[in-house]
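Down below is the structure, laid out as structure tokens.
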Amino acid sequence: MSFKPSSVVPPLTRPQLAEARRVRAAELFDQGCSGAEIARMLGVSDESVRRWKRVWEMDGADALRRRPATGRPPKLDDAQVERVRAALERGAQTHGFEADLWTLERVGLVIERVTGVALSKASMWRLLTGRLGWSLQRPERRAVERDESEIARWIAHEWPRIKKGP
């Protein structure tokens, strides 16, 4: 799996767009625009504009900005996540596993070796899919005895004969 930095500016997320609307509303409050005018210009309801104006009048424009996420901080900081990314990109076999296949159990062992932090399976999944951008890949199951040339011969010669009938 490869990761390439993008030179394209990513589009704003929904929370960023919502914050931009609220900040623009604060600018329009300063200019003396009416609530109905602001609602029409921003494409929001009159009630939203009234609610924003109450907040703006009480606490100022900064009160309309997003607040940092609450809750417990992540167990791994950004530097640790980058060390985990580098370790996982080297492949499972370089960490002593028989097959070059990642499972949550294997990822957990590598995370613990690299960072000293034990994560739950749910946290590992969020780390892999959210912060690292990986996705679930299932290996294709095939019999070890499978003979591709014999399959091709059968499809080319036997199948048409069977399909025609006696």
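For the range 157-166, which residues satisfy the criterion of being open to solvent by less than 60 Å² (accessible area, probe 1.4 Å) and at pLDDT 85 or above? I'd like the intermediate steps shown before the answer.
Residues of the range 157-166 open to solvent by less than 60 Å² (accessible area, probe 1.4 Å): 158, 160, 165.
If the condition is that a residue be open to solvent by less than 60 Å² (accessible area, probe 1.4 Å) and at pLDDT 85 or above, then GLU158, PRO160 are the ones that fit.
How many of the residues in the range 119-150 are open to solvent by 60 Å² or more (accessible area, probe 1.4 Å), modelled with pLDDT of 90 or more and of a type in the set (A, V, I, L, M, F, W, C)?
Selection size over the range 119-150: 1.
Go over the candidates ARG83, ARG66, ARG72 one by one and state the one that is touching a helix residue (DSSP H, G or I) at 6+ places or on another chain (Cβ under 9 Å) and either closer than 30 Å to ARG22 by Cβ or among the polar types (S, T, N, Q) (or both).
Numbers: ARG83 fails: either closer than 30 Å to ARG22 by Cβ or among the polar types (S, T, N, Q) (or both); ARG72 fails: touching a helix residue (DSSP H, G or I) at 6+ places or on another chain (Cβ under 9 Å).
Unique residue meeting the criteria: ARG66.
Yes or no: PHE97 under 26 Å from LEU128 (Cα atoms), open to solvent by less than 50 Å² (accessible area, probe 1.4 Å) and among the aromatic types (Phe, Trp, Tyr)?
Details: under 26 Å from LEU128 (Cα atoms): yes; open to solvent by less than 50 Å² (accessible area, probe 1.4 Å): yes; among the aromatic types (Phe, Trp, Tyr): yes.
Judged against the criteria, PHE97 is a match.
State whether the residues of the range 79-92 include one that is on the phi > 0 side of the Ramachandran plot, modelled with pLDDT under 95 and either open to solvent by 70 Å² or more (accessible area, probe 1.4 Å) or touching an Asp or Glu at 6+ places or on another chain (Cβ under 6 Å) (or both).
Applying the first criterion (on the phi > 0 side of the Ramachandran plot) to the range 79-92 yields 91.
Add one more test, that the residue is modelled with pLDDT under 95, and what stays is 91.
Imposing the further condition that a residue be either open to solvent by 70 Å² or more (accessible area, probe 1.4 Å) or touching an Asp or Glu at 6+ places or on another chain (Cβ under 6 Å) (or both) reduces the set to 91.
Looking for residues that are on the phi > 0 side of the Ramachandran plot, modelled with pLDDT under 95 and either open to solvent by 70 Å² or more (accessible area, probe 1.4 Å) or touching an Asp or Glu at 6+ places or on another chain (Cβ under 6 Å) (or both), one finds at least one in the range 79-92, hence yes.
Out of the residues in the range 40-52 that are part of a helix (DSSP H, G or I) and touching a residue at least 12 places away in the same chain (Cβ under 8 Å), state the one that is most open to solvent (accessible area, probe 1.4 Å).
The first filter runs over the range 40-52 and keeps only residues part of a helix (DSSP H, G or I), leaving 40-42, 46-52.
Filter once more, keeping what is touching a residue at least 12 places away in the same chain (Cβ under 8 Å): 41-42, 49-50, 52.
Values: MET41: 104, LEU42: 36, VAL49: 4, ARG50: 124, TRP52: 29 Å².
Within the range 40-52, the match that is most open to solvent (accessible area, probe 1.4 Å) is ARG50.
The values are calculated or read from the model by the stated rules, or taken from the named source; none is laboratory data. Predicted, not measured: the structure shown is a model, and the values here were computed from it. With ideal geometry, Cβ positions are generated from the backbone for all residues, glycine too; neighbour counts draw on all protein chains shown. For the accessible areas, the whole protein counts, side chains as well, though only heavy atoms, and no ligand, DNA or RNA atoms are used. Shrake-Rupley method; radii C 1.70, N 1.55, O 1.52, S 1.80 Å.
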